[in-house]
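Presented below is the structure to which this report refers.
The values are calculated or read from the model by the stated rules, or taken from the named source; none is laboratory data. On a predicted model such as this, the values are computed, not experimentally measured, just so you know. FYI the Cβ positions are ideal-geometry reconstructions off the backbone, even for glycines, and counts take in every protein chain you see. Please note that ligands, DNA and RNA were not included when accessible areas were found on the heavy atoms of the full protein model with its side chains. Shrake-Rupley method; radii C 1.70, N 1.55, O 1.52, S 1.80 Å.
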Amino acid sequence: MTVMESSAADPYVWGAVYAALPATAPGCERGPRDQLIELCPPPPGGYTAADEIVRSAAPQNPTQTRLAELCAALVDTNALDGIPDPVPLIDGVLYRDSLAWLYGKPGAAKSLVALDWAGCIANGMPWQLREVSRGQVLYLVAEGASGVRRRVRAWEQAFGTAMSGVKFLPVAVQLLHGTDRQALIALVTDMSPVLVVVDTQARVTVGADENSDGEMSKVVQAADDLRVASGGACVLMVHHSAKSGLDLRGASAFEGAATSIVKVTKDGDCVKVQCDKQKDAEPFDAFSLRFRSVGESVVLETGQRHGTNTTSETKIVGALRDSFGTTSATGPQLLEASEVPKSTFYRSLNALVERGVIVNLGSRSRPRYALPEGTLASRAPTNPS
């Protein structure tokens, strides 16, 4: 059967030939399509088939395609109730489908906190009495890889279980390098973890200007790409604090993008984990934790609520007991006797008063500090271990 004969019998063959021919030709009164119609009249449905072929072959307008997607995503006030609430990963601390930053000064134990979170989530164990959603964890060890084994073994010994469910990647994958980023996105897509830890941000953005909102916005986008690729994980960026220690180092792009920002500070053997930001929930109360030596490393455990949580607090209580006994002391007197630096003295003193370890027998404007009745005869506290 010839093409012409096939065209006469099959509307899609005729339509394909018609669509492939130009409508006009130079020097000809009748164009190729007109000649086709004369030689081989269209079968039933021929013109319809030609229109479908032309439309399918035409390049799609990306703006119109995106517009259709946006229109489909529109909701009215009633449909807002169908948007789900944030799903906790660690109740009140971290959330699924979010970007989070954990930051602190070098040596402030932020990596220990991140590792503790990872182990608890992977094993479905509560963290500091907070419920967790169990799932696989990807931990990108871009800094301090040599110490991870000791920390993990200490954690496993302390909790009596293997840190199963955590996959460690001891490679400084560069988030701003196209090949590295795409390979990591593919890995996350295959794993579908509930938590992705990037420790530290500085080591995976080598050469980038941390003070540039433009460059750091690219870091935020890379983190968000990981979130999307995972199917809704919490992507936790471990980062350093500014020199002041008061906030995140670098551009302000992180604060705007973060669902959660958590700060870690260390004072002697005490580690404080506090909330700087929760976008969609109430900020959590600060956690006071302690180091405990296990094996070749340390783990974090709950600090004492009614005792002293820091070395500075221990010195203040000891000075009040030993130097003033059954009497009371003013703030300056206690500052001198305790030999605690002024920069931390009043913060520690206020924390002791708030917890009831020390009482104020004076007024707010003229305080006088003493130990609560019934505690004077007890032994002075020792430094926390």
List every residue whose amide H lies under 5 Å from the amide H of V141, counting only residues 5 or more places away in sequence or on a different chain, with H placed 1.01 Å from N in the peptide plane. L169, V171
If you project the alpha carbons of segment 96-217 onto the principal axes, what extent comes out on each, in Å, largest first? 44, 33, 26
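Roughly how many debye, to the nearest 20, is the charge dipole of segment 225-361 about its Cα centre, given +1 on each Lys and Arg Cβ, -1 on each Asp and Glu Cβ, and no other charges? The partial results should precede the final answer.
Details: 16 positive and 16 negative charges, 15 e Å.
Charge dipole, segment 225-361, about its Cα centre: 80 debye, nearest 20.
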Amide H contacts of S297 (H built 1.01 Å from N, under 5 Å, at least 5 apart or other chain): none
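Subtract the Cα-Cα distance of F159 and C71 from 0.36 nm times their separation in residues, and report this length gain in nm to one decimal.
Numbers: separation 88, 0.36 × 88 = 31.68 nm, distance 5.08 nm.
Residue separation times 0.36 nm, minus the Cα-Cα distance, leaves 26.6 nm.
For a protection proxy built on the mean count of beta-carbon atoms within 10 angstrom, sort 23-29, 10-16, 126-132 highest first, please. Mind dumping the intermediate values first?
Details: 23-29: 8.7, 10-16: 19.6, 126-132: 15.3.
With the highest mean Cβ count within 10 Å placed first, the list reads 10-16, 126-132, 23-29.
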Distance (nanometres) between label positions extended 7 Å along Cα→Cβ at T189 and K218: 2.2 nm
Can you give me the Cα centroid spacing of segment 280-295 and segment 75-141 in angstrom? 13 Å
Roughly how many Å² of T327 are accessible to a 1.4 Å probe, to the nearest 10? 80 Å²
Tell me, in nm to one decimal, what length is gained between L246 and E296 on full extension, where the rule is 0.36 nm per residue of separation less the Cα-Cα distance? 14.9 nm
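Too long at a 30 Å Cα-Cα cut-off: which of K218/K342; K243/K279; K279/K315? Write down the numbers at each step before the final one.
Values: K218/K342 41 Å; K243/K279 25 Å; K279/K315 38 Å.
From K218/K342; K243/K279; K279/K315, over 30 Å: K218/K342; K279/K315.
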Round to the nearest 0.05 the FRET efficiency obtained for R347 and T327 when R0 = 22 Å and r is the Cβ-Cβ distance. 0.35
Nonlocal amide H pairs with W101, under 5 Å, H built at 1.01 Å: M237, S260, I261, V262
What ³J(HN,Hα) values, in whole Hz, does the Karplus curve 6.51 cos²θ - 1.76 cosθ + 1.60 give for segment 355-360 when θ = phi - 60°, with x put for Gly and Pro? 8, x, 6, 10, 10, 9
Averaging over every viewing direction, what projected area does the convex hull of the Cα atoms of segment 225-311 cover, in nm²? 8.3 nm²
Test of understanding: extend the Cα→C-beta vector of D285 to 7 Å, then name every residue of segment 87-130 with backbone N under 19 Å from that spot. 90-94, 126-130
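Can you give the Rg to Rh ratio for segment 33-116, taking only C-alpha atoms and Rh from Kirkwood?
Values: Rg = 28.7 Å, Rh = 20.0 Å.
Using Cα coordinates only, the ratio equals 1.44.
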What is the percent of Cα-Cα separations in segment 101-158 that go past 18 Å? 36 percent
Expected sort for 318-324, 244-250 on mean C-beta neighbours within 10 Å, highest first, is 318-324, 244-250
Over the chain, what percent of the accessible surface lies on carbon and sulfur atoms, probe 1.4 Å? 52 percent
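How many percent of all Cα-Cα pairs in the chain sit more than 32 Å apart? Intermediate results must be reported in sequence, preceding the final value.
Numbers: 39794 of 73920 pairs.
The calculated P(r) of the chain puts 54 percent of pairs beyond 32 Å.
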Restricted to Cα positions, what overall size does segment 233-272 have along the principal axes? Three whole-Å values, descending. 32, 25, 11
Karplus 3J(HN,Hα) series, Hz, for segment 34-41 with 6.51 cos²θ - 1.76 cosθ + 1.60 (x for Gly, Pro): 5, 5, 4, 4, 6, 6, 9, x
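Tell me the per residue accessible area of the chain using a 1.4 Å probe; a whole number in Å² is fine. Don't skip to the answer; put the middle values down first.
Details: 20500 Å² over 385 residues.
Normalised by residue count, the accessible surface of the chain is 53 Å².
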List the equivalent ellipsoid semi-axes of segment 157-215 in whole Å, largest first, each obtained as the square root of 5λ for an eigenvalue λ of the Cα gyration tensor. 27, 16, 9
Rounded to the nearest whole number, the Stokes-Einstein translational diffusion coefficient of segment 208-263 at 25 °C and 0.890 mPa s (Kirkwood radius, C-alpha pairs) in µm²/s is 205 µm²/s
What are the ³J(HN,Hα) values, in whole Hz, obtained from phi via the Karplus relation 6.51 cos²θ - 1.76 cosθ + 1.60 with θ = phi - 60°, for each residue of segment 257-268 in sequence order, with x given for Gly and Pro? 8, 6, 7, 10, 10, 10, 10, 10, 10, 10, 9, x
